[in-house]
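The values are calculated or read from the model by the stated rules, or taken from the named source; none is laboratory data. Please read these numbers as outputs of a predicted model, since none were measured by experiment. Don't worry about glycine lacking a Cβ; one is built from the backbone with ideal geometry, like all the others, and counts go over all protein chains shown.
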Amino acid sequence: MMRNKVENTKFASPTRSQPQEIAAARGIIIDSKLFTEALNLFPEVIMILDQNRQTVYCNQQLLHLLGIESPDSLLGKRPGEIFHCIHAEDEPAGCGTSEFCKECGAVQAILTAQKGQKASNECRITIHEPSGKARALDLRVWAIPVTLKNIALTFFVIRDIQDEKRRAALERVFFHDVLNDTAILKGYAENAKDGFAPKTDDVFLNIFRFTERLSHSILEQRDLLNAEEGTYQLKLQDVDITSTLHEFSTFYEKNQLAINKKIVVKNLCPGARIHTDPVLFWRILGNLVKNALEAASEGDTIALVYQEESNQKIFSVHNPSVMTEEVRHQIFQRSFSTKGRGRGLGTYSVKLFTEQYLKGKAWFESIEGKGTTFFVSFNTPAGA
C-alpha cells in the first residue's frame, strides 16, 4: 500500500494512511449497524484508530463534545489533532511525533494496544480553544486492540477526570495543609484557655503566621478555580517590586520547606514598579518559590531575581536541582507532580495566571551543572 511521505519523528511513527485506506477501514465498521449503535450508547468518547493512529470512526459523544454534526472533518486525524493539543503541530508529522509526546499517556496507551495488549493511562494535555486560550484537560484513556476483517484497529476510549483531580487537590489542601495549620492554632488556643500565658512575643508572631498561611491556602484554591472558570476579576494597581520581593523572602523563610535553606533576593533595578494584579502576582511568585524550596536540598540557596530587559520586566526563581527529561516535558501540565497525589497545580497555575490573565510569558530552563530557573516576564508600556 502507498503511504504519505515519511517525516522525522521524536517518538511514534510519523507514517500516515492514504484517504482510501481510511475510507476502507471506516466502511468495514459502519457495515455493522449493531456495532455502531452500541458505540453510540456509551457515555464516554470513543474513537477507532487505524495502524497509523488515525481516526476511522468516532461515536456521537465526540461529535457532541466538539459541537459538530458530521464526523467527516475528523477522519484521518489523530487524537491530539482533533482536540487541538498544543504539541500536535510541533513536528510536521503531527500528533505523537514531538518530544513532548514521549510522556503523553494517550500515545503510550495506543502504542501498547498496537502491540496486542490492553492499556489504560492518565493523560494530561493542554489544548487550544477556539477563542485562542489554552485549557488543561485531565483524562483517563483506554486503548484496546481489535481486528475486523483482518484490519488491525485500536478501540480508544476517553473519560474526563478533571473533577476527580480537582477533588484530590482540594482534599490535599483541606485535609492536609489546612488541618495541619488548624491543629497548631488549636494548640495555642487550648493553652490560652487553660491559662498558660505566652512567655514571649514569638508565640503571637507564630499565631499570626499560621493564620496568614491558612488564609493563603484557602484563597489560593478559590482564585485558581475562578481563573479556570474565567470568572476571576483583575484588580490592577502599581506594586513596588523591591518591597514585594523582600516580603516574599520574609514570608517563605519561615515556611517549613525553608528549614536549612536560604532565600536570596537580587533586585537589579531599585525603585522599579509594576502595574499588575497584586493577588495574582503574589500567587505566581509564591508558587515558584515554594516549588524551588521543595526541589532544593538542605544547604541550598534559592535566588529570587528581578531585572529589566528592553521592554520586559523579568522575574526568576533559581534552585540548584536539575529536572529529568520526563519532568521537563510535563512541568506546566495540570495535575502533573513529582510529589504525589493531589499535587501539581503550582507551575500550572503560574502559567495560567501569567499568560491568560496578566498577558505575560512563563518558561523555564533546567541545565546540568547550572540548576533550574523559572522565569515570568511582563511587557512594559512605552514610556513607563
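Descriptive notes on the structure:
- Strands (runs of 3 or more DSSP E) (entirely within the stretch 272-326) containing at least 2 residues that are within 19 Å of Ser349 (Cα to Cα): 312-319
- A Cβ distance below 9 Å, combined with a sequence gap of six or more or placement on separate chains, defines the contacts here; from the stretch 24-39, residues that are farther than 16 Å from Pro71 by Cα reach residues that are part of a helix (DSSP H, G or I) in the pairs Phe35/Ile29.
- Total residues in the stretch 219-258, condition surrounded by 14 or more Cβ atoms within 10 Å (Cβ to Cβ) and in a helix (DSSP H, G or I): 20
- Some residue of the stretch 354-361 being in a helix (DSSP H, G or I), among the polar types (S, T, N, Q), modelled with pLDDT of 85 or more and out of contact with any helix residue (DSSP H, G or I) (no Cβ under 7 Å at 6 or more places or on another chain): yes
- Filter pass, Ile263 being modelled with pLDDT of 90 or more, outside the structural domain of Arg209 (by TED's automatic domain parsing), crowded, with 20+ Cβ neighbours inside 10 Å and not in a helix (DSSP H, G or I): yes
- Qualifying positions in the stretch 19-58 - under 18 Å from Ala106 (Cα atoms) and out of contact with any Cys (no Cβ under 8 Å at 6 or more places or on another chain): Glu44, Leu49, Asp50, Gln51, Asn52, Gln54, Thr55, Val56, Tyr57, Cys58
- In the stretch 276-291, the count of residues that are over 21 Å from Val239 (Cβ atoms) and either small (Gly, Ala, Ser) or at pLDDT below 85 (or both) is zero.
- Within the stretch 313-350, if we keep just the residues that are in contact with a Phe, Trp or Tyr (Cβ under 7 Å, 6 or more places away or on another chain) and at pLDDT 90 or above, the residue that is farthest from Pro270 (Cα to Cα) turns out to be Val317.
- Which listed residue is under 16 Å from Ala362 (Cα atoms) and among the aliphatic types (A, V, I, L, M), from Val305, Val239, Val279: Val305
- Close pairs from the stretch 121-133: first modelled with pLDDT under 80, partner of a type outside the set (A, V, I, L, M), Cβ under 7 Å, at least 6 apart: Lys133/Gln356
- The one condition in (1) surrounded by fewer than 21 Cβ atoms within 10 Å (Cβ to Cβ); (2) within 28 Å of Asn226 (Cβ to Cβ) that Ala292 fails to fulfil: (1)
- Test: residue in the stretch 106-113 that is modelled with pLDDT under 90 and not aliphatic (A, V, I, L, M): no
- Remark: pairs (first residue in the stretch 75-98, on the phi > 0 side of the Ramachandran plot; second residue small (Gly, Ala, Ser); Cβ separation under 9 Å; 6+ apart in sequence or on different chains) = Gly76/Ser17; Gly94/Gly80; Gly94/Ala88; Gly96/Ala12; Gly96/Ser13; Gly96/Gly80; Gly96/Ala88; Gly96/Ala106.
- Any hit, the stretch 149-163, residues being among the polar types (S, T, N, Q) and more than 27 Å from Thr347 (Cβ to Cβ): yes
- If the condition is being in contact with a strand residue (DSSP E or B) (Cβ under 7 Å, 6 or more places away or on another chain), more than 18 Å from Asn379 (Cα to Cα) and among the basic types (Lys, Arg), then the stretch 233-274 contributes Lys261, Lys262, Lys266.
- Verdict on Asp31 being of a type in the set (D, E, K, R), within 31 Å of the chain's Cα centre (by Cα) and either under 15 Å from Ala143 (Cβ atoms) or surrounded by fewer than 20 Cβ atoms within 10 Å (Cβ to Cβ) (or both): no
- Neighbours by Cβ (under 6 Å, 6+ apart or cross-chain): first from the stretch 146-170, on the phi > 0 side of the Ramachandran plot and outside the structural domain of Ser217 (by TED's automatic domain parsing); second at pLDDT 90 or above and surrounded by 14 or more Cβ atoms within 10 Å (Cβ to Cβ): Lys149/Ile28
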